[in-house]
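Visitor: Below you'll find the structure I mean.
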Amino acid sequence: MPLLAKIDFKGKRPAFNEMFCRTGLKFSEEDRSKYATKLTQAGVNKPSEWFLGLRLSLVAAFLILCLPLVILGLDLFWVVLFVPLVYIAPGIWLSSAIKKRKNEIRLALDSFTILFSVALTAGSSDIVALREAAEGTTGPLKQEIKRALIENDTGKNLNDALYDMAERCDVDELWAIVRVIVQARRHGSPLAKEMRTHSQSIRNTRRLGVMEEANRLSVKLLFPVALILISIIAALGYPAAVALLKAL
C-alpha cells in the first residue's frame, strides 16, 4: 500500500491517453469515424482513437492479470469466455451513455420550446430568445445551445451552428425544432407562433409515447403473471390431484 501511495497516477494520465490514441490508430478510418460520432452523441470529449485504444488495452490488461491465475491452475476456458465481454463492455457503456443523454435532451425540449416561444412573444430576437431559453434549461441541451451561440458569436452562421448542434445530439425532436427555426429565419415567418404549435406537438407526442410504453409494459407483464399463476395452480392442484387419485 505505501508503494501504491507513492505512484503518481495523475501524472501518468497523459501517457496513458497517448498510448490509447496510438493503439486506436490501428483501426480503420471507417471505425474511427463511426466511434467519433458516437462519442460526440454521448457527450464524451475524447477522440475515437482514445476509445478504440482503451478497448484493446482493457483486453490486454485482462489477459495479463489472468496469466498468473492460469499458471496457478485456472481453466483457460474462463479466460476465453470473458475476453469478448471485456472487449464489448466499453461499447455497452457508450451506447448507454448515448441513450441517457438523448433522453435528457428530450425531457428538456418541452420547457425549452415554451421558454423560447415566450421570449419571442415578448419581442426578443431569435438569438436573444435562444440565450434566455437556454438559461432556463438544464443538462446537455443547455450546453449544446450555449455552444451553438458561442459558435455564432465567433462568426459562424446561426443556421449552420444549429444544424451542427442537431447533428451532435441526433434527437429527432431537436432536428424538427431546428428545421422550424431555420425555415422561419429564411422565410421571415412568425417564429413565436410556430414554436407554440411545435411545443404542443411535442407534448402530444410525449403523451402518446407514455401511453404506448404503458401498453407495451402490460403486454410484457402478461407472461410473468401467467407463469406465476400456473405455478400457484400447480402447487395447489398437485397435492389435491394426488389425494384424489389415492382415494380412487
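Taken together, the values in this text are just the output of simple stated rules run on the coordinates, not laboratory data. The shown structure was predicted, so the numbers you read here are calculated from the model rather than taken from an experiment. For neighbour counting, all protein chains shown are included, and Cβ atoms are generated from backbone atoms with ideal geometry for every residue, glycine included.
Visitor: Taking 7 Å along the Cα-to-C-beta vector as the label spot, tell me the Leu63-Lys46 distance in nanometres, rounded to one decimal.
Guide: 2.1 nm
Visitor: Please arrange His198, His187 by how many other C-beta atoms lie within 10 Å of their C-beta, fewest to most.
Guide: Exposure proxy ranking, most exposed first: His187, His198.
Visitor: Quick one: length gained pulling Ser33 to Val86 fully straight, 0.36 nm per residue minus the C-alpha distance?
Guide: Result for the pair: 16.9 nm of gain on full extension.
Visitor: What spacing in nm lies between the two simple spin-label points modelled at Glu104 and Leu56, each 7 Å away from Cα in the Cβ direction?
Guide: 3.1 nm
Visitor: Using every alpha carbon pair in region 9-74, what percent of pairs falls into each 10 Å bin from 0 up to the bin containing the largest distance?
Guide: Distribution as computed: 21, 40, 26, 12, 1 percent.
Visitor: Going by how many other beta carbons lie within 10 Å of each one, how would you line up Lys38, Lys156, fewest first?
Guide: With the fewest neighbours first, Lys38, Lys156 line up as Lys156, Lys38.
Visitor: I would also like to ask the following. For Ala97 and Thr154 in one chain, what is 0.36 nm times their gap in residues minus the Cα-Cα distance, to one decimal in nm?
Guide: Contour length minus Cα-Cα distance gives 17.5 nm.
Visitor: Going by C-beta contacts inside 10 Å, put Thr23, Thr154, Thr121 in order with the fewest on the left.
Guide: So the ranking, lowest neighbour count to highest, is Thr154, Thr121, Thr23.
Visitor: Let me check I've understood the local charge: for Asp31, count other residues with C-beta under 11 angstrom from its C-beta, Lys and Arg +1, Asp and Glu -1. What total comes out?
Guide: +2
Visitor: Below 13 angstrom from the Cβ of Asp153, what's the summed charge of the other residues (Lys, Arg +1; Asp, Glu -1)?
Guide: +3
Visitor: Applying 1/(1 + (r/R0)^6) with R0 = 25 Å to the Cβ-Cβ distance of Lys146 and Ser201, what FRET efficiency is obtained, to the nearest 0.05?
Guide: Once the sixth-power term is evaluated, E becomes 0.50.
Visitor: Give me the Debye-computed log₁₀ of I(q)/I(0) at q = 0.10, 0.11, 0.16, 0.21 Å⁻¹ for region 102-207, equal point scatterers on Cα only, no solvent, two decimals.
Guide: Normalising to I(0) and taking log10 leaves -0.23, -0.28, -0.62, -1.15.
Visitor: Now for a separate question. If you plug each phi of region 58-70 into the Karplus form 6.51 cos²θ - 1.76 cosθ + 1.60 with θ = phi - 60°, what whole-Hz ³J(HN,Hα) values come out, in order, with x for Gly and Pro?
Guide: So the Karplus estimates, Gly and Pro as x, are 5, 5, 4, 5, 5, 5, 5, 5, 7, 4, x, 5, 5 Hz.
Visitor: Which FRET efficiency, nearest 0.05, do Phe16 and Val128 yield, Cβ-Cβ r, R0 45 Å?
Guide: Given R0 = 45 Å and the Cβ-Cβ separation, E is 0.55.
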